[in-house]
Amino acid sequence: MNEHAVVFPCEEDALLGIVHAPDQAGTTGVVIIVAGGPQYRVGAHRQFVVLGRELARQGIPVLRFDHRGTGDSGGAFRGFLDMDADIRSAIDTLFTQCGNLKRVMLWGECESASAAAFYAYRDPRVAGIFMVNPWIRTEAGQAKTYLKHYYWNRLRDPRFWQKIRTGQFSLMRSLKAWLQLLRHVAQNASKSNGDSKKASDTEELTSLPLPERLTKSLQRFPGKTYILTSGNDYIAQEFKDFTYSSAIWKSSGLQEKIFFNDMADADHTFSRTVWRTELFEQTAQWLKNHLTDQPDQKSANTNNDH
């Protein structure tokens, strides 16, 4: 395996990435997209480094890179809503670096998972998307998630009742916050119900609320999609609640088209080694079974031990 840095152009700026090139590379590559915020190509807990090396050991070439405004790449930070040119340039580079490639899979976590979906349906080279805890944050969705999960979990937590008994809990402040969330949910639900159909019928996907934009982007994507969610993560929970309750999602046909899996105990960044190991195994196994010329003989639902 050869691991080397590469600098490549993206419009007026220069991006930096790391290529993991196997000794005998297959025809499917992976582009790992960094999420927004204070991350760069290494990933949280170095998980992008480990993932890239693990896939390369299995014959899968990988490029992980800093998009504009992050890490060692130039340019202004644009966020995940304006990452198309960065992703396209990264795919171009991986194809240049690995001449026998036929297709790529985009791998993204949180905001970059959504960015991958927003881009994928417009590039025929993208055959698959591996999405981890997709970001579809709206103010109403966030408020609903906290009302449904955070406060309910607090009521079941013995430490919460201990704070009440010892006078460490401010009932009035918490009640005020709870009522504000209720009002926020009601106001935003009314607004979104009135605007959603009009936006969907008359405007481009880029103007839609994130949940609808993700739904319609995935509908347009002809390739394969895997969505992995963490059980101990409010961002993942907001996405799951949307798929459970949204008429737009339920009528999209995506529930039958997409492979879903939930890692019940994992947090948002898979901070424990056992969670990261399972994440890497699921990535490699699904890719081999669905996106390579010679699928692995084991079931896509089976995790390998390394």
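One line per residue, one yes/no per condition, for (1) among the hydroxyl-bearing types (Ser, Thr, Tyr); (2) surrounded by 16 or more Cβ atoms within 10 Å (Cβ to Cβ):
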{"residue": "8", "(1), (2)": "no, yes"}
{"residue": "16", "(1), (2)": "no, yes"}
{"residue": "35", "(1), (2)": "no, yes"}
{"residue": "40", "(1), (2)": "yes, yes"}
{"residue": "50", "(1), (2)": "no, yes"}
{"residue": "57", "(1), (2)": "no, no"}
{"residue": "62", "(1), (2)": "no, yes"}
{"residue": "80", "(1), (2)": "no, yes"}
{"residue": "90", "(1), (2)": "no, yes"}
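Among residues of region 95-118 being outside any strand (DSSP E or B) and touching a Leu at 6+ places or on another chain (Cβ under 6 Å), the one that is surrounded by the fewest Cβ atoms within 10 Å (Cβ to Cβ) is 95.
Only residues that are over 15 Å from residue 19 (Cα atoms) and polar (S, T, N, Q) were counted in region 48-72, giving 1. Are there any pairs with C-beta distances below 7 angstrom linking a residue in region 6-22 that is in contact (Cβ under 8 Å) with a residue 60 or more places away in the chain to a residue that is in a strand (DSSP E or B) and polar (S, T, N, Q), with the two at least 6 apart or on different chains, and if so which? Qualifying pairs under 7 Å: 21/2.
Among the helices (runs of 4 or more DSSP H) contained in region 232-286, which hold 3 or more residues that are touching a Gly at 6+ places or on another chain (Cβ under 8 Å)? Helices (runs of 4 or more DSSP H) meeting the threshold: 234-245.
Inspection of region 7-16 identifies no residue that is among the small types (Gly, Ala, Ser), under 21 Å from the mean Cα position of the chain (by Cα) and in the same structural domain as residue 128 (by TED's automatic domain parsing). Going by the conditions given, is residue 64 farther than 15 Å from residue 93 by Cα and among the basic types (Lys, Arg)? Here the answer is no, as residue 64 does not meet what is asked.
Here is the figure for region 30-68: residues that are at pLDDT below 95 and at positive phi total 4. On the basis of being modelled with pLDDT of 95 or more, closer than 30 Å to residue 277 by Cβ and assigned to a loop (DSSP other than H, G, I, E, B), does residue 124 make the cut? No. Here region 282-303 is the region considered, the condition is being out of contact with any Asp or Glu (no Cβ under 7 Å at 6 or more places or on another chain) and at pLDDT 95 or above, and the residue that is surrounded by the fewest Cβ atoms within 10 Å (Cβ to Cβ) is 290. In region 19-68, how many are outside any loop (DSSP other than H, G, I, E, B) and over 24 Å from residue 275 (Cα atoms)? Qualifying residue count, region 19-68: 3.
The values are calculated or read from the model by the stated rules, or taken from the named source; none is laboratory data. This structure is a prediction, so every number in the text was calculated from the model and none was measured. Note: ideal-geometry Cβ built from the backbone for every residue, glycine included; neighbour counts use all protein chains shown.
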